[in-house]
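S.K.: Got a structure here, written out as structure tokens. Questions coming.
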Amino acid sequence: MVADIRDFDQTLLIGTSSATMAFGQEGCTGRYENDILLARLRAYGPSFLDSVETIGRSPHRSLSADIKVLPLSRVRRLHHTSLQDRRLAAIATGRILGSESMDSFQVNSRTSTPTFDTPANRSLFALLLRFRAAVSSVREKVQELKLGAPPDEQRFRVERRLWDLDCLAQRIRQLLFTPLFREITCGETSAAGLTQIAAQPAYSRAYRLGSRALVTALEGDNGSDQLHVPPSWGIYEMWCYLCVAQCVTTLTRVTPIEVAPKAVSAERALRFGLDEKGWLEVLFQATFPALKAPMTRIGWSLSRERRPDIVLVHYGPNGPRALVFDAKWRSGRQNVLDAMESAHIYHDALRIDGAPPAPCLLLLPGQSSVPELEQDAYTYVHGVGAISSVRVEGTGRSRISEVLKAWLTSV
């Protein structure tokens, strides 16, 4: 299931459970952006600051060319503007300056001064400032319980997370007061700075670690980049959504396009064009608001807000109608019967353009333990039911196709 989801869109695999999985830093940002940033700040931040501290002990320098007014005795090379001085012309022609002392005679001269204000250090300084801003932003989100996980779960981890972020912030403050960064006039990323960084291993390592700490993209497979994933039932819900989408693709022979959801808001929406039969919307984690639909939507709940896993909305000649699949990571007769509560609630509470969805079916990974729930007659009469063996190489996929074919061809 994980491999199937990864092939489709591995951004769906990001979650908030204690389990982790190898991701990369390519592609686009998925869900839980702040959680991802927090994880990467904690993973790469200390190593990044260690590298910057190492650079601070032996930083890159350059010589800055300046023009200064110096006594003649300290001049090593005259600036061309000095030739305009009449006193210098008198000395050059051997004339006497009178009572004026040679020590008081000062002219413009070129000088060079070692400085840390180089393109490489400016680029590193800009990265350090972005790192500090990210730490501050994430700290605020952690303190206000605005990460992706449920607030009760976040509350147990606030103290430890704030301690880690405060340690990073303290080290950043200390670095910014070192001679290296106090001498830099501004932080800017330039081609010259990146070229100098690439030519120096210490700078290259620091810049690579700092960039990794700030990236929230998550495509790829890097064993050193571990991020949290959903619990088992969350992965099963996602896989069931892909399974339903593939069944619809096979039945309609239409390649779906990803669009913004229309009927209700949802995490993901695929649209299938059905020519004269209208079009079909397949939603993942659709949200039905309580009591009434927003102005631009046609779905709502008669009671509190509801979030079924998979909703199909068919916009046909007779108006929109809906079907609901709810994935349940359950097995055993008693557990399945308890899970049927969701199917009944969705059938009774949800409305699409004023009509309830029908049927509302559970998707179960195990073998059939309640055969009555899987009979067509039961589903037809009551509007609810279940489909078992919905798993990789299970028989549930063909059963889903049968249900969808009958539903799409019915009036």
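The values are calculated or read from the model by the stated rules, or taken from the named source; none is laboratory data. Given the structure is predicted, the values throughout are model-derived calculations rather than measurements. Cβ atoms come from the backbone with ideal geometry, glycine included; neighbour counts cover every protein chain shown. The area values use the complete protein model at the heavy-atom level, side chains included, leaving out ligands, DNA and RNA. Shrake-Rupley method; radii C 1.70, N 1.55, O 1.52, S 1.80 Å.
S.K.: Does region 336-366 hold any residues that are open to solvent by less than 30 Å² (accessible area, probe 1.4 Å) and closer than 20 Å to LYS405 by Cα, and which are they?
M.R.: PRO357, PRO359, CYS360, LEU361, LEU362, LEU363, LEU364, listed by residue number.
S.K.: Could you please tell me which pairs satisfy a Cβ distance under 7 Å, a separation of 6+ or placement on different chains, a first residue in region 336-360 that is farther than 11 Å from VAL324 by Cβ and outside any helix (DSSP H, G or I), and a second residue that is among the aromatic types (Phe, Trp, Tyr) and open to solvent by 20 Å² or more (accessible area, probe 1.4 Å)?
M.R.: From residues that are farther than 11 Å from VAL324 by Cβ and outside any helix (DSSP H, G or I), the pairs are ARG351/TRP300.
Residue by residue, here is whether (1) more than 18 Å from HIS228 (Cβ to Cβ); (2) in a helix (DSSP H, G or I) holds:
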| position | (1), (2) |
| --- | --- |
| ALA3 | yes, yes |
| THR11 | no, yes |
| MET21 | no, no |
| ASP50 | yes, yes |
| THR54 | yes, yes |
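S.K.: Looking for something in contact with a helix residue (DSSP H, G or I) (Cβ under 9 Å, 6 or more places away or on another chain) and closer than 22 Å to SER47 by Cβ - is there at least one such residue anywhere in region 143-152?
M.R.: no
S.K.: Any idea which of (1) of a type outside the set (Phe, Trp, Tyr); (2) touching an Asp or Glu at 6+ places or on another chain (Cβ under 9 Å); (3) surrounded by fewer than 18 Cβ atoms within 10 Å (Cβ to Cβ) is the one ARG57 doesn't satisfy?
M.R.: Here ARG57 clears every test but (2).
S.K.: Something else: Which residues, taken from region 182-211, are closer than 20 Å to TYR44 by Cβ, surrounded by 19 or more Cβ atoms within 10 Å (Cβ to Cβ) and not hydroxyl-bearing (Ser, Thr, Tyr)?
M.R.: Hits for region 182-211 are ILE197, ALA206, LEU209, GLY210.
S.K.: Sticking with this structure for a sec: What's the number of the only condition in (1) farther than 19 Å from THR250 by Cα; (2) within 31 Å of the chain's Cα centre (by Cα); (3) open to solvent by less than 60 Å² (accessible area, probe 1.4 Å) that GLU281 fails to meet?
M.R.: Of the numbered conditions (1) farther than 19 Å from THR250 by Cα; (2) within 31 Å of the chain's Cα centre (by Cα); (3) open to solvent by less than 60 Å² (accessible area, probe 1.4 Å), the odd one out for GLU281 is (1).
S.K.: Any residue that is part of a loop (DSSP other than H, G, I, E, B) and at pLDDT 90 or above - is there at least one of those in region 126-144?
M.R.: yes
S.K.: Suppose we keep only residues that are open to solvent by less than 50 Å² (accessible area, probe 1.4 Å) and in a loop (DSSP other than H, G, I, E, B) within region 260-276. Which one would you say is farthest from ALA293 (Cα to Cα)?
M.R.: Ranking the qualifying residues of region 260-276, first place goes to LEU274.
S.K.: Just to check your reading of the model, which residue among LEU162, LEU168, LEU127 is surrounded by fewer than 19 Cβ atoms within 10 Å (Cβ to Cβ) and among the aliphatic types (A, V, I, L, M)?
M.R.: LEU162
S.K.: Now for a different question. Name the single residue that is most open to solvent (accessible area, probe 1.4 Å) among those in region 223-241 being closer than 21 Å to GLU26 by Cβ and more than 16 Å from the chain's Cα centre (by Cα).
M.R.: Among those residues, the one meeting the criterion is SER224.
S.K.: Output the residue which, of all residues in region 270-306 that are among the polar types (S, T, N, Q) and at pLDDT 90 or above, is farthest from PRO256 (Cα to Cα).
M.R.: SER303
S.K.: Taking SER369, is it in contact (Cβ under 8 Å) with a residue 24 or more places away in the chain, open to solvent by 20 Å² or more (accessible area, probe 1.4 Å), more than 20 Å from VAL264 (Cβ to Cβ) and assigned to a loop (DSSP other than H, G, I, E, B)?
M.R.: It is true that SER369 is in contact (Cβ under 8 Å) with a residue 24 or more places away in the chain, open to solvent by 20 Å² or more (accessible area, probe 1.4 Å), more than 20 Å from VAL264 (Cβ to Cβ) and assigned to a loop (DSSP other than H, G, I, E, B).
S.K.: Now a separate question. Filter region 294-335 down to the residues that are surrounded by fewer than 22 Cβ atoms within 10 Å (Cβ to Cβ), under 22 Å from GLY366 (Cβ atoms) and either touching a residue at least 40 places away in the same chain (Cβ under 8 Å) or among the aliphatic types (A, V, I, L, M) (or both) and list them by number.
M.R.: The one that is surrounded by fewer than 22 Cβ atoms within 10 Å (Cβ to Cβ), under 22 Å from GLY366 (Cβ atoms) and either touching a residue at least 40 places away in the same chain (Cβ under 8 Å) or among the aliphatic types (A, V, I, L, M) (or both): TRP329.
S.K.: When the residues of region 175-194 are narrowed to those that are free of Cβ contacts under 8 Å to residues at least 24 places away in the same chain and assigned to a helix (DSSP H, G or I), which ends up nearest to THR29 (Cα to Cα)?
M.R.: ALA191
S.K.: Counting just the residues of region 380-411 that are touching a Leu at 6+ places or on another chain (Cβ under 7 Å) and among the hydroxyl-bearing types (Ser, Thr, Tyr), which one comes out surrounded by the most Cβ atoms within 10 Å (Cβ to Cβ)?
M.R.: Only one residue tops the list, namely SER388.
S.K.: Can you tell me which of (1) assigned to a helix (DSSP H, G or I); (2) among the polar types (S, T, N, Q); (3) farther than 30 Å from SER137 by Cβ is the one SER211 doesn't meet?
M.R.: Condition (3) is where SER211 drops out.
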